[in-house]
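What follows is a short report on a single structure.
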Amino acid sequence: MAQRQTLPVLPLRGTVIFPGLTAPIAAGRPGTLRAIEAALKSDRLVFAVAQRDNTDEPTPDILYSMGVIARIGQIQRGLGGVQLLLQGEQRATALQYSTSEGYLTAVVMSTEEMTPLNDHDPAFEALHKEIRERAAELGERRGLPEEVVHQVLDSVTEPGRFADLVAGYIELPVAEKQGLLETLSVEERLRRVLVHVQRQIGLLEAQEEIKSQVQEELGERQREMYLREQLKAIQKELGDDDQAKEVSELRDKLTKLNLPKEARAEVERELGRLERSGRESMEAQVIRTYLEWIAELPWNTRSDDHLDLRRATDVLDEDHYGLQDVKDRVLEFLAVRQLRAQQLAEEVEKTGELPASKIKAAKDDATPSLNVVDDDDRTITDAKEAKARAMAKGPILLFVGPPGVGKTSIAKSIARALGREYVRVALGGARDEADIRGHRRTYVGAMPGRIIQGMKQAGTKNPVFLLDEVDKLGVSFQGDPSSALLEVLDPAQNDSFTDHYLGVPFDLSEVLFIATANFIQNIPGPLLDRMETVDFAGYTEREKAEIAKKYLIPRQLEEAGLADKKVSFTDDAVMSVVSNYTRESGVRQLERQIGAVARKVARRIAAGDTGMIEDGKIDANEVRELLGRPKVHPERAAETNEVGIATGMYYTPMGGDIMFVEASIRRYYGGAPNVDQSMQVGPGGAVSLILTGQLGDVMKESARAAFTYATNNAAKLGIPKDRLGAIEAHIHVPAGAIPKDGPSAGIAIATALVSEMSDRPVRRDVAMTGEITLRGRVLPIGGLKEKVLGAHRAGIKVVVLPKANEADIEDIPEEVRSQLSFHPVETLEEVLKIALVPEKDTEASEEKKEAMAAA
């Protein structure tokens, strides 16, 4: 019976030692060095066992149970550790691992192998002979001398020892070598070793065949090179040497590109035509220009993506103030890609390869290679390529909002946060399909479209590509460019985008497209369906002031040469510029006005006049002196409650604001007056309604609906009977030079009419928006956030809005919500209860006026 013994453990990384073999081992880990020292102090025996994982700190959990009792032979000490020879003696099984004095020890018991029942069995002898022959063949194929191979193999006659000898020298993974070590049956071990040897021989045969094929190809290429050298000599004699040199350089450049199959075939065909054509021919110039375009496009050049979410947050906050909803959407966009990259990295670490259909992202740059198997048996070995392909998956963003709110600049920040190149293409006014797809080469002066030109400008195939002003594309007899964009912005199609000039597919699937627009209604439906809309609302006055202090003022002071003059703006000065000299949703005009102040201050300083800003601070009075009278006169809430005047709200791409709707009633006691084209004729020839103020068709219909509701529900609304009959109702919206349209002024018109007809004043601090029906229902509207921001700027305190728009209140900044009172309504009756002054308050006001008149 085998005896137990306790031995120091020598963990092995990447190798397995077999009995009867001597192997050199390098040891440098502290625990391993302590185990070796303990063995040297004893009988020089250690338990050499392989690790399951390649870790620096081995634990009993990652060590196999079966190893080899080995004896330490020669040992050489160095700065990095020790080099020693380890002689395997016999198999052993670890019964227990433990840690003692900083190194692992094991209680081991030797394990006997299972010999065959009959050593002279013909099948066993044939197996033994076959593995000897195959092992000798493997050694000779590896380039070892025949006599050396036979000398080593003939030195071992016992079948079990022979199997261990061959297993120790063949190249196998650690797990498979460990399996051979744990195979105690000699016959089974011989069979398994024979399979591995035969596999190694087949691999060497395949390598030799590949090597011979490469040699044949090299011979053909050498012959081709010889003929080309002769051709160059002939061309030099004919004076065509310069052209041949240019063509050769172009060919070399194109050969280095990893072009798709279709592009490679087209390039070879055009190169052949170029070589056959004369240098000065027009066709040669066209072909050369085409090939130069092919050579300069980024077919395989990529920029590596940065997926650090904290860095992206810092970049966006550094470049833009506010716009929290937009920043959140962009950060979500990056966070998804970060998780997808991690997901793929984990899957690749498990399998080593991944079908392209399951690519989500790739490992980071530290990964030396990535084996990705595509559906058509292609292999992608570039980790950066797989990562870039995965990064392209996802929505195409459309930034919609008024001018100057940061749509274009935040796209640039996204490129900076991702570490990608940035390309901007302005599509405003483009009305030719060739602007997108390019011209066919049959035309003189043909060029690729703006998409391919942008890719050449970027120099990488995964830039952030901004399609600016996509809502301003035109249509002409030359085609519709928005239809050409359908392929560009469709992730299912743009991997084979074909420009008319190139004539071969170009992969745009890795490009991150971002489009911007001011008017979303001008974008065709199919094109809009391919993009995810991100709304940019206007800034509040406080946000504008913060943007001015953090970004605009430092930039304008720098441009004006005042950065070192200790010039600053007070908070009152900033708010004065914001409120009195700008009226916009964005900040462009605000920056211009700040720049004007900085230039005027710079002029005075340059002239030696520093009296105005002795302390270096510019206040509101100095802004008034420098910029002159206020240039903006926004609408403000009325000073008193008035009859027949209601406050509505409107929204344009420049932002929101309030407007006044005025109504006046006049009764006719004789016949009806003369009627012009702007009037509607009621029953009996009486003039019923006049609409002025450049109202659009929709707004006119809202006014008619409001008038009909007021007259049909006069009793319920408290309208006296003498206010009905042959009357003329005149509705006017001031600022008559500005066209107005839309249904959202319906309840404001109705409130003004009912106020005038019932002689009840409208509250001056109430603004309202909503569409009205003939039955008095209030329907939802759009642009609530911008309208409320405009009303807040005008001094409104109460906002009446449709019940269906109640959820939109959450989009309004908290600082504005806290200062306003919101009243969602469903019917006009609810509107009138809020907007009209109660009758008792009206009577008290009338009595006060009469008393003041009598006094």
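The values are calculated or read from the model by the stated rules, or taken from the named source; none is laboratory data. The shown structure was predicted, so the numbers you read here are calculated from the model rather than taken from an experiment. For neighbour counting, all protein chains shown are included, and Cβ atoms are generated from backbone atoms with ideal geometry for every residue, glycine included. Ligands, DNA and RNA are excluded from the accessible area calculation, which covers all protein heavy atoms including side chains. Shrake-Rupley method; radii C 1.70, N 1.55, O 1.52, S 1.80 Å.
Does any residue of segment 97-107 turn out to be open to solvent by 80 Å² or more (accessible area, probe 1.4 Å) and closer than 28 Å to Ala163 by Cβ? Even if it seems obvious, please write down each step before you answer.
Within segment 97-107, the first condition is being open to solvent by 80 Å² or more (accessible area, probe 1.4 Å), and the residues that meet it are 99, 101.
Right, trim to closer than 28 Å to Ala163 by Cβ and you get none.
The answer is no; no qualifying residue exists.
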**OP:** Could you tell me which of the residues Arg588, Arg542, Arg555 is in contact with a Gly (Cβ under 8 Å, 6 or more places away or on another chain), more than 24 Å from Gly474 (Cα to Cα) and either buried (at least 21 other Cβ atoms within 10 Å of the Cβ) or charged (D, E, K, R) (or both)?
**Re:** Arg588
Original post:
Does Leu291 satisfy the condition of being in contact with a strand residue (DSSP E or B) (Cβ under 8 Å, 6 or more places away or on another chain) and either assigned to a loop (DSSP other than H, G, I, E, B) or in contact (Cβ under 8 Å) with a residue 24 or more places away in the chain (or both)?
Top reply: no
Original post:
When you look at Glu532, is it farther than 17 Å from Arg450 by Cβ, modelled with pLDDT of 85 or more and in a strand (DSSP E or B), yes or no?
Top reply: yes
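Restricting to segment 1-35, give me the number of residues that are under 17 Å from Tyr103 (Cα atoms), buried (at least 22 other Cβ atoms within 10 Å of the Cβ) and not polar (S, T, N, Q).
Filtering segment 1-35 for residues under 17 Å from Tyr103 (Cα atoms) gives 5-13, 26-35.
Restricting the remaining residues to those that are buried (at least 22 other Cβ atoms within 10 Å of the Cβ) gives 7-12, 32, 35.
Adding the requirement that they be not polar (S, T, N, Q) leaves 7-12, 35.
Selection size over segment 1-35: 7.
Please tell me if Leu344 is surrounded by 15 or more Cβ atoms within 10 Å (Cβ to Cβ), modelled with pLDDT under 50 and farther than 30 Å from Arg542 by Cβ. Give the steps one after another, and end with the answer.
Numbers: surrounded by 15 or more Cβ atoms within 10 Å (Cβ to Cβ): yes; modelled with pLDDT under 50: no; farther than 30 Å from Arg542 by Cβ: yes.
Here the answer is no, as Leu344 does not meet what is asked.
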**OP:** Filter segment 294-334 for residues that are among the hydrophobic types (A, V, I, L, M, F, W, C) and assigned to a loop (DSSP other than H, G, I, E, B) and give the result.
**Re:** Leu297, Trp299, Leu307, Leu323
Subject >> Breaking point among (1) in contact with a strand residue (DSSP E or B) (Cβ under 6 Å, 6 or more places away or on another chain); (2) assigned to a helix (DSSP H, G or I); (3) touching a residue at least 40 places away in the same chain (Cβ under 8 Å), for Glu130 >> reply: (1)
**OP:** Could you pull out the residue among Leu138, Leu153, Leu172 that is open to solvent by less than 90 Å² (accessible area, probe 1.4 Å), assigned to a loop (DSSP other than H, G, I, E, B) and not basic (Lys, Arg)?
**Re:** Leu172
**OP:** Hey, can you tell me all the residues within segment 262-285 that are surrounded by 17 or more Cβ atoms within 10 Å (Cβ to Cβ) and either of a type outside the set (S, T, N, Q) or under 30 Å from Ala345 (Cα atoms) (or both)?
**Re:** Ala263, Glu266, Val267, Glu270, Leu271, Leu274, Glu275, Ala284
**OP:** Could you identify the single residue in Lys456, Lys412 that is modelled with pLDDT of 85 or more and more than 24 Å from Leu307 (Cβ to Cβ)?
**Re:** Lys456
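Looking at Arg52, Arg77, Arg71, can you tell me which residue is of a type in the set (Lys, Arg), within 24 Å of Val156 (Cβ to Cβ) and in contact with a strand residue (DSSP E or B) (Cβ under 9 Å, 6 or more places away or on another chain)?
Working: Arg52 fails: within 24 Å of Val156 (Cβ to Cβ); Arg77 fails: within 24 Å of Val156 (Cβ to Cβ).
The match here is Arg71.
Return the residue satisfying two criteria in turn: it lies in segment 420-437 and is assigned to a loop (DSSP other than H, G, I, E, B) and at pLDDT 85 or above, and of such residues it is least open to solvent (accessible area, probe 1.4 Å).
Leu427
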**OP:** Give the residues of segment 76-107 that are without any contact (Cβ under 8 Å) to a residue 12 or more places away in the chain and farther than 28 Å from Gly179 by Cβ, sorted by residue number.
**Re:** Gln76, Arg77, Gly78, Leu79, Ser100
Original post:
Taking into account only those residues within segment 469-521 that are part of a helix (DSSP H, G or I), open to solvent by 30 Å² or more (accessible area, probe 1.4 Å) and not acidic (Asp, Glu), which is farthest from Thr533 (Cα to Cα)?
Top reply: Ser496
Original post:
Which of the residues spanning segment 741-775 are crowded, with 18+ Cβ neighbours inside 10 Å and of a type in the set (Lys, Arg)?
Top reply: Arg760, Arg763, Arg764
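One line per residue, one yes/no per condition, for (1) touching a His at 6+ places or on another chain (Cβ under 7 Å); (2) of a type outside the set (Asp, Glu); (3) closer than 28 Å to Met114 by Cα:
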position: Ser185; (1), (2), (3): no, yes, yes
position: Arg189; (1), (2), (3): no, yes, yes
position: Val195; (1), (2), (3): no, yes, yes
position: Arg199; (1), (2), (3): no, yes, yes
position: Ala206; (1), (2), (3): no, yes, no
position: Glu209; (1), (2), (3): no, no, no
position: Gln213; (1), (2), (3): no, yes, no
position: Glu220; (1), (2), (3): no, no, no
position: Glu224; (1), (2), (3): no, no, no
Original post:
Out of all the residues in segment 60-82, is one or more open to solvent by 30 Å² or more (accessible area, probe 1.4 Å), part of a strand (DSSP E or B) and at pLDDT 90 or above?
Top reply: yes
Subject >> Tabulated pairs, segment 244-259, first farther than 15 Å from Arg228 by Cα and open to solvent by less than 80 Å² (accessible area, probe 1.4 Å), second β-branched (Val, Ile, Thr) and modelled with pLDDT of 75 or more, C-beta under 8 angstrom, 6+ apart or interchain >> reply: Leu254/Val267; Leu254/Ile294; Leu257/Ile294; Leu259/Val267; Leu259/Ile294
Subject >> Scope segment 529-539; condition surrounded by 21 or more Cβ atoms within 10 Å (Cβ to Cβ) and out of contact with any strand residue (DSSP E or B) (no Cβ under 7 Å at 6 or more places or on another chain); matching residues >> reply: Ala537, Tyr539
**OP:** Scan segment 634-652 for residues that are over 42 Å from the mean Cα position of the chain (by Cα) and not in a strand (DSSP E or B) and jot them down.
**Re:** Arg636, Ala637, Ala638, Glu639, Thr640, Asn641, Gly644
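Can you tell me which residue is nearest to Leu512 (Cα to Cα) among those in segment 438-468 that are among the β-branched types (Val, Ile, Thr) and outside any loop (DSSP other than H, G, I, E, B)? Steps first, please.
Let us first name the residues in segment 438-468 that are among the β-branched types (Val, Ile, Thr), namely 442, 444, 451-452, 460, 464.
Remaining after also requiring outside any loop (DSSP other than H, G, I, E, B): 451-452, 464.
Working: Ile451: 13, Ile452: 14, Val464: 5 Å.
Checked segment 438-468; the qualifying residue nearest to Leu512 (Cα to Cα) is Val464.
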